[in-house]
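A quick write-up on the structure given underneath.
The values are calculated or read from the model by the stated rules, or taken from the named source; none is laboratory data. Quick caveat, the model's predicted, so the values are computed rather than measured. Glycine gets a Cβ as well: all are built from the backbone with ideal geometry, and neighbour counts include every protein chain shown.
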Amino acid sequence: MPVDYILTSIRIKCNFIIIMVSFPGDNGKSALIKGKRIAKNSLVFDLLGDLDELNCWLGLAKNYLKNKDKNIIEEIQKDIFVISGQIACAPKKSLKNTIEKLDKNLGLYMKKIGVLKHFVVPGKNKKIATLDITRTICRRAERKAVSYGKINKEVLVYLNHLSKFLFYFARVIEK
């Protein structure tokens, strides 16, 4: 008897392409790359969902940005795919160069803004609101990554620095 399926997404993870397919009636379980069935409400899927949501919001934010800024966001999106792949299939690739590149950009944006002397109210306009949302989703993903714990520690560093970068990036774009 043929099985109906729904193609839900195509992702590039762990240096190969994965086509994710949902089969009706999966009883609330799904599989990571290695095939083990896990409850969909497990922390690992919650974390992967937050990273996917972050990537989607970054994709939306790109639509409001100039080409140079779009390229920065697109590089971050690629980094998030690598991180998601590490979480889903656990090859512990070093993120040292990725973190250094992010930190270099963070330093440039922090210099442009200088010391903040007041709180920043999020959402000055649609463009800034979208970037502010990406920062909050990134913070949520970072908290879940800490709770999950079974990941490369550099992932935690990257997510922490990324949320700070997104804050300063939004402030520079806001000017």
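Below is a table of values for the structure above.
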item: One residue from Ser163, Ser147 being in contact with a helix residue (DSSP H, G or I) (Cβ under 7 Å, 6 or more places away or on another chain), in a helix (DSSP H, G or I), small (Gly, Ala, Ser) and within 21 Å of Leu60 (Cα to Cα); result: Ser163
item: Sole exception among (1) under 21 Å from Val44 (Cβ atoms); (2) part of a helix (DSSP H, G or I) for Lys93, by number; result: (2)
item: Flag if Leu47 is buried (at least 17 other Cβ atoms within 10 Å of the Cβ), within 15 Å of Leu162 (Cβ to Cβ) and modelled with pLDDT of 95 or more; result: yes
item: Residues of segment 24-76 classified as in a helix (DSSP H, G or I) and not charged (D, E, K, R), total; result: 20
item: Cys89 vs. criteria in contact (Cβ under 8 Å) with a residue 60 or more places away in the chain and under 27 Å from Gly35 (Cβ atoms); result: yes
item: Members of segment 89-100 found to be surrounded by fewer than 15 Cβ atoms within 10 Å (Cβ to Cβ) and at pLDDT 95 or above, listed by number; result: Lys96, Asn97, Glu100
item: Segment 46-70 residues that are free of Cβ contacts under 8 Å to residues at least 12 places away in the same chain, paired with ones that are part of a helix (DSSP H, G or I) (beta carbon under 7 Å, 6 or more apart); result: Lys70/Lys62
item: Single condition Gln86 does not satisfy, out of (1) of a type outside the set (Lys, Arg); (2) modelled with pLDDT under 95; (3) not in a helix (DSSP H, G or I); result: (3)
item: Qualifying residue in segment 131-151 (condition: over 30 Å from Ile38 (Cα atoms), touching a residue at least 12 places away in the same chain (Cβ under 8 Å) and of a type in the set (Ser, Thr, Tyr)); result: no
item: Residue check, Ile128 part of a loop (DSSP other than H, G, I, E, B) and not small (Gly, Ala, Ser); result: no
item: Single condition Glu142 does not satisfy, out of (1) more than 11 Å from the chain's Cα centre (by Cα); (2) of a type in the set (D, E, K, R); (3) surrounded by 18 or more Cβ atoms within 10 Å (Cβ to Cβ); result: (1)
